[in-house]
Amino acid sequence: MSPVKLTNRQQQVLWATVRHYIATAEPVGSEALVKEYNLSVSSATIRNAMGVLEKVGLLYQPHTSAGRIPSDSGYRIYVDQLITPSATFTTQVEQLLSDRLNRDDRSLEAMLRGAAQILATVSGYIALITMPQTYTTRLHHIQLVMVDPGRVMLIFVTDSYETHSALMELPAASDELESDTELLERELQLLSNFLNSQLRGKAIAELSMLDWGELGREFQRYGDFLKTVLTELSRRSQAPTSTQMMVNGLSEVMLQPEFSEVQQIQTIVHLLEDEQELILPLIFEPSSFEASGRRVVVRIGAENPLEPMRTCTLISSNYCKGSIPVGSVGVLGPTRMVYENAIALVEAAADYLSEALS
């Protein structure tokens, strides 16, 4: 989908509509925006702008006679282009964490549970905090084996002799390589040897952060492929187990109108209690932060791959020990979320935990 270009007025109307809907949970009409926001234009002009926003899929009408509410795409533009995290809220949260949590407490688990409770209470959403990973796993051996000219099997062995494998697409090769499988196999063996010489003995946690910008000429075309390989290594070998996530705030989120019916919250509860291993790769995925260039990842509605979460937003950020991401902080709530505060909250908590661990 190509990016939607909005005029200043359309941006203002989208911003006001989202703000009003977040505050009231009621479909928004042009009169409400005229009354509550100083947009300096007539109700008819606002109605026209809302019509355009609906046409491009950023707003929709739940019923023919109702006002409009934001779609997932509308929230996405609101988050990416129309707001910044609240600096005031960040300061308040940092102060709250400092006042209520004891960093000198010998129990790290107690500190994380305390942080999850504060996040849930302050936000009104479900707080999720993963326990830090020890990351002692190191790479022992790596091999790239050709399956066909366009695909390879990545096989790697850790220092505890666990074996992992993944099927991966190769970057486009020259015609000569495409037609000569023997030559391609030799090149893959050279690449495997190169990777072993560079990576053997390194902690898996370091791998996705290595810089491959200075590769020798013979491996230049594999730059992006190597980044993918290392991300896959991290992902496959370091998925935390289901006992390692603190969950707090189910009672808070049940107060939200979106979860007023028992069945709506039951699917979320089932996911959090019985299928945590499905959520963990979403909340703690170091590569997604690097790929987006952001410290906080926001997954809105249908951007969440798990069906029960598609009416929700998941906001998460890694916390680190030194420069290595070891865990994650997140909040899960309805898409009708106070994003400025929720993003600031998650960012502040991640910073606090990084500092405490360091």
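Read-outs: derived from the displayed coordinates by stated rules, not from any lab. Predicted, not measured: the structure shown is a model, and the values here were computed from it. No Cβ is skipped: glycine too gets one built from the backbone with ideal geometry, and neighbour counts run over all protein chains shown.
Any chance you could run the full-extension gain for VAL41 through THR88? It's 0.36 nm times the residue separation minus the Cα-Cα distance, nm to one decimal.
Values: separation 47, 0.36 × 47 = 16.92 nm, distance 3.04 nm.
Stretched fully, the VAL41-THR88 segment lengthens by 13.9 nm.
Per DSSP H run of n ≥ 4, the term is -39500 (n - 2.57); total these for the chain, divide by its residue number, and report the mean residue ellipticity at 222 nm rounded to 500 deg cm²/dmol.
Working: 15 runs with 167 residues, N = 358.
Using -39500 (n - 2.57) per qualifying helix, the result is -14000 deg cm²/dmol.
Just tell me which lysines come within less than 27 Å, Cα to Cα, of LYS35; anything on the same chain fewer than 8 places away is out.
The reachable lysines, counting only those whose Cα sits under 27 Å from LYS35, are LYS5, LYS55.
Classify the range 8-82 from the C-alpha gyration tensor, please: rounded if a/c falls under 1.5, else prolate or oblate depending on whether a/b exceeds b/c.
Because its axes are fairly even, with a/c under 1.5, the range 8-82 counts as rounded.
Taking the 0 to 90 degree range and rounding to the nearest ten, how far is the long axis of helix 8-24 tilted relative to the main principal axis of the chain, both from C-alpha atoms?
In the chain, helix 8-24 runs at an angle near 80 degrees to the longest axis.
For MET153, what is the net charge nearby, where nearby means another residue's Cβ is under 12 Å from its Cβ and Lys, Arg count +1, Asp, Glu -1? Could you put the intermediate results ahead of the total?
Values: positive: ARG151; negative: ASP148, GLU169, GLU232.
So the environment of MET153 carries a net charge of -2.
Spin-label point model (7 Å from Cα, Cβ direction): what's the ARG295 to LEU357 distance in nm?
For ARG295 paired with LEU357, the spin-label model returns 1.5 nm.
Any idea what the dipole of the range 8-82 comes to, in debye rounded to 20, about its Cα centre with Lys/Arg Cβ at +1 and Asp/Glu Cβ at -1? Walk me through the intermediate numbers first.
On the way: 7 positive and 6 negative charges, 32 e Å.
Charge dipole of the range 8-82: 160 debye, to the nearest 20.
Over all directions, what mean area does the Cα convex hull of the range 253-358 project, stated in square nanometres?
Details: hull surface 27.5 nm².
Projected over every direction and averaged, the Cα hull of the range 253-358 covers 6.9 nm².
Once the other residues with Cβ under 15 Å from the Cβ of GLY29 are scored (Lys, Arg +1; Asp, Glu -1), what is the net sum? Don't skip to the answer; put the middle values down first.
Details: positive: ARG19, LYS35, ARG47, ARG68; negative: GLU26, GLU31, GLU36, GLU54.
Taking every Cβ under 15 Å from that of GLY29, the sum is 0.
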